[in-house]
Every structure is written in C-alpha cells, then in structure tokens.
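The values are calculated or read from the model by the stated rules, or taken from the named source; none is laboratory data. Computed from a predicted model, the values in this text were never measured in an experiment. No Cβ is skipped: glycine too gets one built from the backbone with ideal geometry, and neighbour counts run over all protein chains shown. Quick note on the areas: whole protein, heavy atoms, side chains included, nothing else; ligands and nucleic acids left out. Shrake-Rupley method; radii C 1.70, N 1.55, O 1.52, S 1.80 Å.
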Amino acid sequence: MVLNDYPRSMMKENFIIVDGCLKVKKIFIVAEIGSNHCQDINLAFDLIDAAKDCGADAVKFQSLSLDDQYYRPSKEIISLFKKINLKEDWVVKLKKYSDRRKIVFFSSPTYLKAVDLLEDAGVEIYKLASAQVSTFPQLVKKVAKLNKPILLSSGLVNRKELTEVVSLIRRTGNRKLVILHCNSIYPTPYKKVNLNLIKTYQELFNGPVGFSDHSRDIFMPIAAAALGAMVIEKHFMLDKKNISPDRNISLLPRQFKNMTEGIRDVETGLGNAERVCLEPEENSFKSKIIHRLVLKNDKKINEPFRSSDFDFKRYSLGIDCRQESEISKNFKARNDLKKGTLLTRHKIMPRV
C-alpha cells in the first residue's frame, strides 16, 4: 500500500511512504475513544464529532469480543465486557461516519476475526495494543501481513520483547511502523512516564516514534511532542458522569482541544535543525544594536588610528566595532576630527 496512491485518503495529510517505510509528515493526534462510547452508538457518533472539532486527526476504538477472547470468563470479566464490548456491526457504521466527518477511523483488533471486520470496513491503519503485542503473535503477524501502517504500543513489553516483535513485523515485509512509547499503568504517575524512552526508541529502531498517554492531563503529550513524538494518542470522552473504565485517564473536549493546540504550537516551534540565516525580524533588530567606532579624542589629518582611540556606541550607521583592528592597522584620518565623532568610511583613508 502506498498512501499517495489514494488521493482521497485522509491519511496522506500525515503520512507518506518512502522506500517502503512510513514517514510522518506532521504529528498525528489520535482521540482514543476506546470504551467511552458506553455501548451507545449515538454517543460514539457524538464522540467522533467532538474529536474532529477538537483538532484530532483520528479516532480510535477497541474491537473487543468476550466470546472470541475468553475461554471461561470470570464474572468480573463478563461484567466488564458488558461495558466495553464493541458490537461488530458498528465497525462499518463508525468508519462511514468518520469518513463523512473527514477524520481517520481505526480500531485495535484484539481477536483474529476483528482484523477481517476492519478490513471489510476499509481501515487504512492499525493499532496493535500492548496486551496483544506482548501475548498474541498470531494477531501481530496477521495485521503485519496486510502491509498497512501499524501503531505498535510498547506498554507491556520489555526491550527484548519489543525488539522481537519489531523483527517479526519486518520479516513480513512490512516496514510501515510507528512504535508508541506507552505505560500500562492507569493512570500513570509522572515519575513513571519516562518520556526519554522516545529518544531511545528513535535511535534503537531508526524510525518514527509516538506516545500513547495514560496520565491524567495534557502535559505529558505536549512534552512528548517536544521530544520528537510523531503520533500522540490520548483517551477522550464527553462527560465524566459517563461510567467507563477509561474515565480517570480521559480528557474532556476543552482539555483535548487545549492539548491539540499545545502540540501544534510545539510542532511549529520545533522548526528544523538548520539556521543558515537570521530571520528578517532578527536582522532588523541586530542592525540597531551594532556597536560603532566613536573617537575618544581629537585626531589630526593624516594621523593614524590606534586601538586606544575608540569608544564603542550602538548606532545604525558608522563603522562596526568588529573592524577596529583593521582600522587601527591600515587607516588614518582623512581630515581633522573632533572627539565624539562617529567614524564613517568617508572620514578615513588608507595609510600609504
């Protein structure tokens, strides 16, 4: 799959494929709806609307199925899935609705059939949640073989396991991978976020790295953007009164909008690693603060200049103080000059 072959793809705003590898053009901000739909598809539609209005590039759900995931589920698991299960016939409906709102839709498959459902819906990108990354290589391989972009969460894998999973994906020929630094502590305290892993993963895997955040607020995602994270995923809900397992780590629309604006400001501020020329505004200011050569004493015509002759004063005209050595060695007064005179080129001449 080459994203540029799909002119109507909303993904092309954020991603390109170069030599088979995924490159992120601008930070991809994902509103993780997860289970915050509370089993209400109309609420799911409202969440998609709100995520778009808050500046998200994508909405992500979780494709869950009690029967497909558990052999003999406990009462606690059964009770949990009554709150978080995603009905399979929602997938196409959510994808079509997201397309109309011009926001990318995808979901984390947690069982093999979910991949087929997502393919039938026409998703362009996959998220592999850390629970599946660390325990379910069959699912990882099935998604990898689709050769579509993958967001790979690292929350429940150590360095060795992550390296092995990345190798497994790359062996299928899929190099369209973004590793997401993640902490699977809900919520994650600041002292355990460890954002510097973003830089470690960039160096270790030589590709784009993102951040899936489970802290309570907006600060860690914005900081991650400053460290070079190219995908930011954050849980999102409309009302804290809604009973959802993700409630404590989800942002409300106003918070999410503040986060996206902060990330975009950081992204703009990062610029690039080049500084060949000053900006025009900087040059204009700099020209006003250059120190010029001003005579400390009278000079007679034809009298050579010495370094002890000069004071240094800021002015927009005159000879730059950085030329003091050249003037002292090679020039003399063209005519009589008074103390306090601003030295200019027409007031000096070369020594003969």
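Cβ-Cβ distances below 8 Å connect the following pairs, each with a first residue in the range 238-258 that is under 21 Å from GLY55 (Cβ atoms) and aliphatic (A, V, I, L, M), a second residue that is open to solvent by 60 Å² or more (accessible area, probe 1.4 Å) and outside any loop (DSSP other than H, G, I, E, B), and a separation of six or more residues or different chains: LEU238/ASP46. Considering the range 99-164, the qualifying helices (runs of 4 or more DSSP H), each wholly inside and each with 1 or more residues that are open to solvent by 10 Å² or more (accessible area, probe 1.4 Å), under 21 Å from PHE45 (Cβ atoms) and out of contact with any Cys (no Cβ under 8 Å at 6 or more places or on another chain), run over 112-121. Screening the range 260-298 for residues that are in contact with a strand residue (DSSP E or B) (Cβ under 9 Å, 6 or more places away or on another chain), β-branched (Val, Ile, Thr) and not in a helix (DSSP H, G or I) and picking the one that is modelled with the highest pLDDT gives VAL294. Restrict the check to the range 199-210 and report whether at least one residue is in contact (Cβ under 8 Å) with a residue 60 or more places away in the chain and among the hydroxyl-bearing types (Ser, Thr, Tyr). Scanning the range 199-210, I find no residue that is in contact (Cβ under 8 Å) with a residue 60 or more places away in the chain and among the hydroxyl-bearing types (Ser, Thr, Tyr), so the answer is no.
So that you can scan it fast, the table gives a plain yes or no per residue for (1) within 30 Å of ILE41 (Cβ to Cβ); (2) surrounded by 14 or more Cβ atoms within 10 Å (Cβ to Cβ):
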residue	(1), (2)
TYR201	no, yes
GLY210	yes, yes
ASP213	yes, yes
SER244	yes, yes
ARG254	yes, no
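Filtering LYS347, LYS296, LYS286, LYS339 for residues that are open to solvent by 70 Å² or more (accessible area, probe 1.4 Å) and without any contact (Cβ under 8 Å) to a residue 40 or more places away in the chain leaves a single hit, LYS286.
Restricting the range 62-76 to residues that are out of contact with any helix residue (DSSP H, G or I) (no Cβ under 7 Å at 6 or more places or on another chain), outside any loop (DSSP other than H, G, I, E, B) and without any contact (Cβ under 8 Å) to a residue 40 or more places away in the chain leaves a set whose member that is most open to solvent (accessible area, probe 1.4 Å) is LYS75. ILE48 meets each of the listed conditions (1) assigned to a helix (DSSP H, G or I); (2) surrounded by fewer than 18 Cβ atoms within 10 Å (Cβ to Cβ) apart from (2). The residue that is nearest to the chain's Cα centre (by Cα), counting only those in the range 39-88 that are under 19 Å from ASN258 (Cα atoms) and of a type in the set (A, V, I, L, M, F, W, C), is ALA56. Being farther than 26 Å from ALA224 by Cα and within 24 Å of the chain's Cα centre (by Cα) is a description that does not apply to ASN183. Consider the range 256-283 and keep the residues that are open to solvent by less than 50 Å² (accessible area, probe 1.4 Å) and of a type in the set (Val, Ile, Thr). The one that is farthest from CYS321 (Cα to Cα) is THR260. If you go through the range 77-87 one residue at a time, do you hit one that is open to solvent by 30 Å² or more (accessible area, probe 1.4 Å) and part of a loop (DSSP other than H, G, I, E, B)? Yes - at least one qualifying residue is present in the range 77-87.
Within the range 302-336, restricting attention to residues that are of a type in the set (Ser, Thr, Tyr) and under 18 Å from SER287 (Cβ atoms), the residue that is surrounded by the most Cβ atoms within 10 Å (Cβ to Cβ) is TYR315. Of all the criteria given as (1) modelled with pLDDT of 95 or more; (2) of a type outside the set (A, V, I, L, M); (3) exposed (fewer than 15 other Cβ atoms within 10 Å of the Cβ), the one not satisfied by LYS95 is (3).
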